[in-house]
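What follows is one structure encoded as structure tokens, with my remarks underneath.
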Amino acid sequence: PPLPRPMAEGGIALPHGPAAGAILSNRPGSACSSRGQAADCQALPRSSAASVASASQDGHGAATVCTAGGAGGTTAVAAGGGSMPAQQVEEIIRARIEPYERVISAMEEKQRFYDDQEERVRVLSVSLEEQEQRQRGLYAQLHEVTRKCRVQVEAEQEISRQANTSKGELEQRIAELQQEVSLRQAHEDSLQKRVALLERERSMSVQQKCLVVDNLEEEAASAKKEAERQKELRQRLEIQVQEQANELAKAQHEVWQLKEERGWELEKAHALAAKATQRAEEAERELDDCRDLAHDKAAEGQLNAERVAELAHRLEGLEAEVGSYRELLERERARRQELEKRLEEQEFHGVQASLQEQTQTIAKLRDEAAGAGQRFRDEQGRALALSTELASAKKDLVEGQRQTDELRRRIAAQDDLREDVGKADKRCEELKEQLKSMSQEALKAAERYEENLAERSKADVLLHQECDERRREVCELRASVSRLQRQVGEATLLQEQTARSLAAAQDGDDYVEALRKDLESAHQELGAFRSSRNDLQADLGRLMGKFREDAFAKDRRSGELEALLEDRNREIKLLMYRVQELSSRYTPAKGDSTDAVLARWINGYRPAVPFFRLAQGIYLFGRRQVMCKISNDKPVFRVGGNFIGFDKFLELHASEELERLLRYDMDERTGEPKFAEAQKVHQSLADSGALEELREHAEQAQGGRSGSRGRAGAPRHAPAVIPILQERRRSPGPAHAPVLAS
């Protein structure tokens, strides 16, 4: 309580009148006395370092001024009319000390609060480190799963190739069996026709009947023989089918072995190809020698014609192979897309869920940090107020100066704590940046994995193509070697024939020269054909390279678009969290206890989906109408015949309702969202004044009864919202209708 007079430097004013007493300060056990009267004594605290002076004057004009010495002296205050009680002095001193004690207790509470905040920041940092470890574990699991899936994809491709080959063989065998069955049916039809003819000829004579019987017996014997032969053939076919099945099993086993021995066979093929080329070169040299010796141009021309035909046939085969390779590439691309879709559905779903959980935890941490910052600012304002009080108390007592110094030290400690909190916030930001960079690295790793998978599949296709080409080249070289050997034999025969022909007739030099010219022209044509073949092969390689580049560019573009889509989804989620943070507080309706309790829970949880009050105990949560009641001072909702708590209700239905609010339908006529039309209708109603009339009518109805309908954040606009919501329940509209109506 304030004193009657303002304080002076080093003294305090006591009340006027005959009740003026004496105060003895600066030492416990000090005594006080007055002139002619005894007064109680009150010891003041040892911490007081100032002298106390009091001047008093009563109604009779008696006044006395007492001063005190330093630290070891005593001070007495006397009045002409009487002395002040010690209890009143004690109350005055206690009233002066009580604010400082409250300040000290508040500072201690702040210290404990900052200690709790430091502990919480430490726990959050530990949890973030655990989340990073979990994320690294998930990345390792993802890498392992992708490797396993790659092995499984290769195994499935090999199994599909084997199944296709076995299917083709079985289909061919089935076609052959169907042809045999049709032949048997035709034979049976012919036999039936013969039996019918024999039955018609029963009326013939005995002799004819005997002949017919003999013929029938012969035909029956032949039919029996044919039936036995058919049975044997059927048994053979069954044996062949069994052998084919055994061969198929063996082929499958051999395919696995051949897959392991592919590299070794490829090296052998290269070696054989090199040897074959050497042999071909030697054979060509021998053939040239033989041609020079033989001088038989007719045979050479025929051989050149055959070569031209073979080259044309080979060119046609190459074109057919190019078409088949294109079809195979398209099928492999479609299969790879399907496998990639499966891989994304099976593997990246878990990673996305974990990333969503981490983003939610980060949002919660951000909310907690914002709350801590707000509380810190409040505490800072209170500290400023306390500093002003301390500045005023400094003028009262020197004792307050020491307490002020102590408070300053505590404020310095608070500054240190503030710096620590700032460091903790910086640490949280750094952890967030690290988490963001890690998520970006995860996306980049996924893109690199897709690129590596595409390159691996392309390399496998190219390897298969190269192996097939090498095998075909080996076969062609073997055929060419055998053909060259035949040509060498023919050339030797031709050499002998030409030797005999030269011995027989020496006048064929002109004819030989003409044949030589024909041979040279044939060589030139052959070179032209070879150059054209090389050009075609170069064009084919260029087209294949361009096709690969286009496919790779499209795959990369699709990966970029998918990454961009993921970024947009994350931005939408962050914006939704931001909207949740910035959402207005839910204001309960007056006189509704259920709405008041629910408002406390809504303002505490701040869900992303808003609540709309429709009636007493009936609310609209997103697009879902629910019934609410209070049980043990907690709101419970009725869902499916059972009542569940507030947190369980949000856990089950908040994400679903939020997704339904974010999803909107498109108008087929205009191609625009349907809520745009609803917005136009709402604007037209607002312009025409019909909406204001509805609001006035609802306000009048609200004044007649208590507990009217309300909504979160803007209770005065609730009457306009209710008709629109009722109309929306009758005809469900777009997801943005509640937001536009509000």
Length gained when the stretch E176-R408 is fully extended (0.36 nm per residue, less Cα-Cα span): 73.0 nm
What are the ³J(HN,Hα) values, in whole Hz, obtained from phi via the Karplus relation 6.51 cos²θ - 1.76 cosθ + 1.60 with θ = phi - 60°, for each residue of segment 162-168 in sequence order, with x given for Gly and Pro? 4, 5, 5, 5, 5, 5, x
Quick check on the exposure proxy: order R427, R377 from fewest to most C-beta atoms within 10 angstrom. R377, R427
Cβ density ranking, 10 Å radius, fewest first, applied to L652, L685 yields L652, L685
For a label point 7 Å from the Cα of E490 along Cα→C-beta, name the residues of segment 459-482 whose backbone N is under 16 Å from it. 479-482
Estimated inter-spin distance, D415 and S160, nm [label 7 Å along Cα→Cβ]: 7.2
In nm, the gap between the two label points placed 7 Å beyond Cα toward Cβ at R585 and I572 is 3.3
How about K275: which lysines have a C-alpha closer than 27 Å to its C-alpha, ignoring those fewer than 8 places off in the same chain? K259
Hey, rough spin-label estimate for N642 and Q434, points 7 angstrom out along Cα→Cβ, what's it come to in nanometres? 4.2
Under 13 Å from the Cα of K193, which aspartates and glutamates turn up, not counting those fewer than eight places away in the same chain? E201, E219
In straight Cα distance, which lysines are under 29 Å from K110, not counting same-chain residues fewer than 8 positions off? K364, K394, K395, K423, K426, K432
Cut-off under 5 Å, modelled amide H: who pairs with Q616 long-range: none
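We did not get these values from a lab; they are worked out from the coordinates using the rules stated. The structure displayed is predicted, hence computed values, not measured ones. Note that we place each Cβ from the backbone using ideal geometry, even for glycine, and neighbour counts take in every protein chain shown.
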